[in-house]
1. If you take the residues in the range 163-183 that are touching a Lys or Arg at 6+ places or on another chain (Cβ under 7 Å), more than 18 Å from GLY71 (Cβ to Cβ) and free of Cβ contacts under 8 Å to residues at least 40 places away in the same chain, which one is surrounded by the fewest Cβ atoms within 10 Å (Cβ to Cβ)?
2. Return the only residue of ILE103, ILE112 being at pLDDT 95 or above, in a strand (DSSP E or B), open to solvent by 70 Å² or more (accessible area, probe 1.4 Å) and farther than 27 Å from TYR204 by Cβ.
3. I'm told MET119 meets every condition in (1) open to solvent by less than 10 Å² (accessible area, probe 1.4 Å); (2) at pLDDT 95 or above; (3) under 13 Å from the mean Cα position of the chain (by Cα) except one. Can you identify the failing condition by its number?
4. Tally up the residues in the range 88-106 that are more than 18 Å from LYS183 (Cβ to Cβ) and of a type outside the set (Gly, Ala, Ser), please.
5. From the residues in the range 48-100 that are under 25 Å from ALA156 (Cα atoms), part of a strand (DSSP E or B) and of a type in the set (Gly, Ala, Ser), which one is modelled with the lowest pLDDT?
6. Hey, could you check the range 122-162 for residues that are without any contact (Cβ under 8 Å) to a residue 24 or more places away in the chain and open to solvent by 70 Å² or more (accessible area, probe 1.4 Å) and say which is nearest to ASP214 (Cα to Cα)?
Amino acid sequence: CLCPSGILVSGLFLMTPLNLQVSDGQDLIRMDQGCSSDGALIVDSASCPSDPCFSQKTCDEDSFNFYIQSGAANVLAAKICVQNKMVLGGALNNAGSGINIVILNGKTAEVIKMEHFNMYSGDVKPLIDFLTNIEKGSIVLMASFDEPSTKLNDEARKLIADLGSSQVKSLGYRDNWVFVGGKGATGYTSFEKIMKNDNAKNKYDNWPELISLDGCIPKYLE
């Protein structure tokens with residue numbers, strides 16, 4: 001059923017996320033460390049956090065936290081954290097241009113698999129195969145980097161929409177996008193954010209500013 005503040009995914013209710021705002025700093029490397037170029041903090045904290053996940057969300061024992069950050073331009077890679085630990089990102093050398101995906105066991109938050117798919121010069125078929133083989137009850141986290149849409153066809157968009165995305169149908173050239181959904185979704189998740197590429201508003205020349213989400217996901221119960 002579609003719920004007012006989230007989505008029921010085979011018994012898993014996704015709650016409304018806490019959206020973090022990015023500072024005005026232009027130094028993307030320091031932003032990845034949690035600070036802007038002038039040392040201002042992105043989140044409320046006494047000092048620049050050493051933890052690259054810097055989530056301020058505390059979750060109870062029946063749920064697990066996540067933090068997702070899109071890429072910035074074609075310089076800073078996307079980042080996905082689970083339980084305050086980075087599982088995908090530039091620092092781990094496992095993120096790439098296009099769409100970055102992490103699949104979690106909905107009961108344990110264990111990473112089942114992860115991959116990135118180049119949607120500019122790559123082939124969409126590996127992405128379609130990857131999405132088709134996601135098991136029911138899995139949690140799916142996605143983050144864009146650089147260009148996520150050129151090769152994204154209707155079949156791939158539908159598979160992502162079936163995971164709970166309402167924004168993938170409008171995902172366009174160099175848009176920034178972050179999303180959390182689940183296999184078996186019966187409505188749209190509130191864990192989704194998109195920043196459209198708009199030359200009149202872009203922060204990084206030909207790319208929009210990065211975006212992020214964090215929140216708590218209840219453990220999957222059959």
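The values are calculated or read from the model by the stated rules, or taken from the named source; none is laboratory data. No experiment lies behind these values; they were computed from the predicted model shown. Because the Cβ atoms are built from the backbone with ideal geometry, glycine has one as well, and the counts that use them run over all protein chains shown. When the accessible area is computed, the model is the full protein with side chains, heavy atoms only, and any ligands, DNA or RNA have been set aside. Shrake-Rupley method; radii C 1.70, N 1.55, O 1.52, S 1.80 Å.
1. My answer is LYS169.
2. Values: ILE103 fails: open to solvent by 70 Å² or more (accessible area, probe 1.4 Å).
Every option except ILE112 fails the conditions.
3. Looking at each condition in turn, MET119 falls short on (3).
4. Residues of the range 88-106 that are more than 18 Å from LYS183 (Cβ to Cβ), as a first pass: 88-98.
Checking which are of a type outside the set (Gly, Ala, Ser) leaves us with 88, 92-94.
Here the count works out to 4.
5. ALA72
6. Initial filter on the range 122-162 (without any contact (Cβ under 8 Å) to a residue 24 or more places away in the chain): 125-126, 129, 133, 154, 157-158, 161-162.
Right, trim to open to solvent by 70 Å² or more (accessible area, probe 1.4 Å) and you get 125, 133, 154, 158, 162.
Working: LYS125: 30, ASN133: 26, ASP154: 28, LYS158: 25, ASP162: 21 Å.
Here the residue is ASP162.
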